[in-house]
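Read-outs: derived from the displayed coordinates by stated rules, not from any lab. Treat the numbers as computed from the prediction; the structure is a model and nothing was measured. Cβ placement follows ideal geometry from the backbone for every residue including glycine, while neighbour counts extend to all protein chains displayed.
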């Protein structure tokens, strides 16, 4: 479930770097990861991790407090920094597959006749285009956040990305200084002319095709 992990990465990255105190949010994230790691090592292997190995040189009590502050904001709230389809449609859908919920299990039904269902448990490339397109959008948006935060000015890169997305008739929405979400061609150099592209097909439309009631239920997007 690489795509789900990348969406999670995007959500956390956007939440941290767009905050008024990004360093504090980053400390909370690292502290929470460290606390979770120490608890895992203790529970799984009965191994006490050396506190000196902590990436943040703070007493354990302070790390616990930082971790608690991070956990007070759940992923749904952190995702509000992004266009809603990343979490409401994408992440929640992929989570259902990863956790093998009832809806995801319907993805194994290849056919249904008077005898009953025919179960297909082999690898599937159903709806692969949805996964590829969303993954491309997620990675492009991660790149945009990184470039903006560290002041990396590469309009040539975003011009090339714009051309690639244009070929698929869709273009990801990226953050911009005005607070709105802009399409990727807005990151090009001033005066640059983006490639002509067909009518844009939002990711919500692509996901709509995936979840259409005229198709088999969800769960076919799986990397098995």
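The residues 141, 89, when put in order of fewest to most other Cβ atoms within 10 Å, stand as 89, 141. Highest mean packing comes first when the peptides 66-75, 4-13 are listed by Cβ atoms within 10 Å, giving 4-13, 66-75. Of the peptides 36-43, 50-57, the ranking by mean beta-carbon count within 10 Å, highest at the top, reads 36-43, 50-57. The ratio of the alpha-carbon radius of gyration of the range 1-49 to the globular-protein estimate 2.2 N^0.38 Å is 1.42. In this simple spin-label model, placing a label point 7 Å from the Cα along the Cα-to-Cβ direction at both residue 167 and residue 68 gives a separation of 5.3 nm.
When restricted to Cα atoms, the range 59-108 yields an Rg and a Dmax of 15.6, 49 Å, respectively. Could you tell me which of rounded, prolate or oblate describes the range 1-95, using a ≥ b ≥ c as the square roots of the eigenvalues of the alpha-carbon gyration tensor, with rounded for a/c under 1.5 and, failing that, prolate when a/b is larger than b/c and oblate otherwise? In terms of gyration-tensor shape, oblate. In this calculation the C-beta distance from residue 115 to residue 1 is compared with R0 = 45 Å, giving a FRET efficiency of 0.85.
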